[in-house]
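Data block below; observations after.
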Amino acid sequence: MINQTLRPFPTALLDPCVDPIFKALFTSNSKESHQALTCFLSDMVGKTVTDVVLQPNELSIETATDKQAEFDITCKINGEIVNIEMQGRNISDNYGKRTEYHVAHILNHYTPKGTPWENVLKVYQISVLNFVFDEDEVNSYNHYVLKNDNGHTVSQVINVIFLEIPKIKKLEDDINSLTAVQMWGKFFLYGNVPEKQDFIIELTKHNRGIQMAFRVLKNISQDEINWYRETRYWLHVSDEKTMRNAALREGTERGMKKGLSEGSKQTAKQTVKKLLEMNILTHDQIAYSTGLSIEEIKKLAGE
């Protein structure tokens, strides 16, 4: 009897950029996984991390109207709070707002009432982005804090760190020219690419965290459930793309252009409301599809 498997070939490895696989890399119940997470955090925040404790990924809300936040990986490092996200797409081009909300939520959640201001914990939102967040910024790694126009910081309590994977592709595969953070970017890019395994092995010789992460990747790739999770992830991505393309076609086929009649405009508004509820298109894409102005769409969105 032949056992069916989703693994394409016996030595195939899972994709580290797939959200559930990224989580498994750093939260598996093994010494290697914990060491990989510790080293990754040290490289990303730019200081030695020695004490990492995983925290619940879903924070409590204070009222029924609060916006819920669910994270990929949340942990305490040396008493500070870190949320780590693997993000594959920039939904509605609003990832910046989402990040600021998340880091503010973390700060509020982990600051008990009555805490002296000098004891407020530093918080980090670390995002590994599989898209380009800032086209005008050349660097793939960026650490943001609140500053004034002269570059003076407020308190550096709130920290946002982005690693933009597509920018790593442009860097040469020259280990001697890569920073520790860029090495992680190369690992996320090439971890499951057969033709790049020799390069990954070289990375493991120069970065202990990547050495541990690669061991974990090979181990979790033996588990069929992880291949199922990766397959489900790509099916979800495919479904969303299909819905987005269908929505664009629907708008085009209805011939909704600028200068619509009042009756047609009412139909367009109904379509816009549906598209806003689906939350898979930007305002610009909805405007292109329906013929309504950006101002009209923002009004319908309650902005």
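Couple of notes before you dig in:
- For the pair LEU6 and SER30 in one chain, pulling the backbone fully straight at 0.36 nm per residue adds 6.2 nm over the alpha carbon distance.
- Put simply, when 209-221, 107-119 are sorted by average Cβ atoms within 10 angstrom per residue, most first, you get 209-221, 107-119.
- R0 of 45 Å, Cβ-Cβ distance VAL193-GLU295: FRET efficiency to nearest 0.05: 0.50
- Estimated from the Cβ-Cβ distance and a Förster radius of 41 angstrom, the FRET efficiency linking TRP117 and ARG232 is about 0.35.
- Here VAL53 and THR267 are evaluated by their C-beta separation; at R0 = 45 Å the FRET efficiency comes out at 0.25.
- Equivalent ellipsoid semi-axes, region 125-210, via Cα gyration tensor eigenvalues times 5, rooted, Å: 29, 13, 11
- The length gained on full extension between ASP284 and ASN94, counted as 0.36 nm times the residue separation minus their Cα-Cα distance, comes to 67.1 nm.
- The label-point distance for ASP174 and ASN108, in a model that sets each label 7 Å from Cα toward Cβ, rounds to 4.8 nm.
- Entries of LYS23/LYS205; LYS47/LYS218; LYS47/LYS186; LYS113/LYS147 with Cα pairs more than 30 Å apart: none
Every number in this text was worked out from the coordinates using simple rules, so none of it is lab data. The structure displayed is predicted, hence computed values, not measured ones. FYI the Cβ positions are ideal-geometry reconstructions off the backbone, even for glycines, and counts take in every protein chain you see.
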